[in-house]
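Peer 1: Before I ask anything, let me first share the structure, which is written out below as structure tokens.
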Amino acid sequence: MKKVVQVIDERKKQIIVAAMITFFFFAPYSVSNVIQKITPVPTSVLVSFLVASVLLLIFLLSKPKNLFENIILEKKLIMISMFLIPIISVFAAFYNAGYMHSVEYLSYIKQSLPTRIINLGFFFIIFYVFNKNIQIISDNSLLRVTKAYLFSIFLIILFGIWQFLYFTAGIPILDVNTRSFVHSVEEDVLFNFRLTSFIDEPSYLVPLLIEALIIGFVVYSKKLKLFSVFFALPALFVLFFSFSVSGFANLGLVVLFGAVVLFTTQIKNKRRLLLFVLVILAGLIIGGFIFQDTVHQLLMPIIGRFDTLFDIQQHSRLYQTVMPFFWLFDYSFVNALFGFGPGSYEFIHMTKFLHYEVPVSTTSNNMWVDLLFEYGIVGFLTFLVTFIYILFRFYKRRNENKYFLFSLILWFHLGITSLYRSDFAAPRFWAVIAIVWVLYELGVRRALKKEIS
């Protein structure tokens, strides 16, 4: 009987691991239009549905008694924030529908609201079942799941390098129709293109590259030289030639945060590491002064956009980031407290316009702003407090081992990317959160081994 139970448990683990590998591999491609159109329904939706269905079946067959057993407080807070608050917001949305008498709002209720709820339902199942069973999955299997995400991004990097060769040497390439052109720049540039790989635009690409660097440095810490040469350097190359303002800022803030954390963390060779970073920074600064004109021309796709970057009338993204703070109070106090409902930025798209009479986008491209408008002040504060609390908890354990340290940096990175990307209802966002908890689980196991020994 025990052997039968062991075989069933082993198969259960194998199915969960296989499902999560599939989810992690396809997660980065949710922002690639060419990949999304491979299947009749968007590929990311199909994969999320299939993975959620498999995991839900596993969950139901295991006949769970305690629904929140093996789930720590931080994960419970995430589920409350990302799934309970939206449910409250749905009730607010139906109240708003009766109060506002808006044709556009009713259109949102019928179309975008159900889609958003279904997507969040898929992610809830995936996040919940995976984390409920994470403790029974071996270290090697957890690393395999994480490496699936890295391998997916490695393919993106390779295509990005191919794209660079196409622009510079004319090597033929598949037409993926991405935003690889330089825009909002009047002066001459040294490179009149931006690398996107097969991702729709640079600001979608750079978060993937940065989180892959963070995850890779901890997962491949024993093969750091190989990882640096064949993954990290190519990733930085593609990131640089993406000429993404948000990407450069994201990388700079993560590096700065990492440096501050290192100053307060007890790790081996800390002085050597900091000296290495300082030498690189000094070299970049000196090189910038020596080759001032060339650097200026090289960085013109970024520098040339500063003129309109903070002009709310000319810069559409800034306008769409600032104005929801005012639009939130357009109708009733229910809107202000609980928002307009999950996915309700679509309502803004139908009713608000930019200065040149073009409708605003279906998102502000800022997760925090979208959350404020969709879930109100109560929802926004719940998300923010949860994020800061988890950040603080990770910070307290950073000295114990590398997994806790990189969990902290990856969590911080997710907060930064959320300032210029709003994909909390997309697979990539939940894949990163799941990987954070994979690293945290590996950190807990290493800490326990250290205590026992």
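The values are calculated or read from the model by the stated rules, or taken from the named source; none is laboratory data. Model, not experiment: these values are computed from the prediction. Cβ: placed from backbone, ideal geometry, glycine included. Neighbour counts: every protein chain shown.
Peer 1: Out of all the residues in segment 92-99, is one or more among the small types (Gly, Ala, Ser), over 30 Å from residue 140 (Cβ atoms) and touching a Ser or Thr at 6+ places or on another chain (Cβ under 8 Å)?
Peer 2: Yes: one or more hits.
Peer 1: Moving on to the next point. Check 190, 158, 174, 195 and return the single one that is more than 19 Å from residue 413 (Cβ to Cβ), loosely packed, with under 15 Cβ neighbours inside 10 Å and modelled with pLDDT of 85 or more.
Peer 2: Exactly one of 190, 158, 174, 195 is more than 19 Å from residue 413 (Cβ to Cβ), loosely packed, with under 15 Cβ neighbours inside 10 Å and modelled with pLDDT of 85 or more, namely 158.
Peer 1: Here's a check for you: in segment 52-85, which residue that is basic (Lys, Arg) and modelled with pLDDT of 80 or more is farthest from residue 130 (Cα to Cα)?
Peer 2: For segment 52-85, the residue satisfying everything is 76.
Peer 1: Let me ask something additional. Considering only residues that are polar (S, T, N, Q) and either buried (at least 20 other Cβ atoms within 10 Å of the Cβ) or under 18 Å from residue 331 (Cα atoms) (or both), which ones fall in segment 93-118?
Peer 2: Listed by number, the residues that qualify are 96, 102, 107, 112.
Peer 1: Can I ask one more? Name the pairs whose Cβ atoms lie under 8 Å apart, with the first residue in segment 255-267 and farther than 16 Å from residue 403 by Cβ, the second modelled with pLDDT under 85, and 6 or more positions between them or separate chains?
Peer 2: Correct list of pairs: 255/277; 259/274; 259/277; 263/274.
Peer 1: Moving on. Filter segment 381-423 for residues that are out of contact with any helix residue (DSSP H, G or I) (no Cβ under 7 Å at 6 or more places or on another chain), among the charged types (D, E, K, R) and assigned to a loop (DSSP other than H, G, I, E, B) and give the result.
Peer 2: Of everything in segment 381-423, nothing turns out to be out of contact with any helix residue (DSSP H, G or I) (no Cβ under 7 Å at 6 or more places or on another chain), among the charged types (D, E, K, R) and assigned to a loop (DSSP other than H, G, I, E, B).
Peer 1: State all residues of segment 146-163 that are under 13 Å from residue 237 (Cα atoms) and among the small types (Gly, Ala, Ser); if no residue qualifies, say none.
Peer 2: 160
Peer 1: Moving to a separate point now. Among the residues of segment 29-50, count how many are part of a helix (DSSP H, G or I), under 26 Å from residue 173 (Cβ atoms) and modelled with pLDDT under 95.
Peer 2: Adding up the residues that qualify gives 9.
Peer 1: Which condition breaks for residue 416 when tested against (1) modelled with pLDDT of 90 or more; (2) within 14 Å of the chain's Cα centre (by Cα); (3) closer than 17 Å to residue 82 by Cβ?
Peer 2: (3)
Peer 1: From 78, 109, which residue is among the hydrophobic types (A, V, I, L, M, F, W, C), in a helix (DSSP H, G or I), under 25 Å from the mean Cα position of the chain (by Cα) and over 25 Å from residue 10 (Cβ atoms)?
Peer 2: Every option except 78 fails the conditions.
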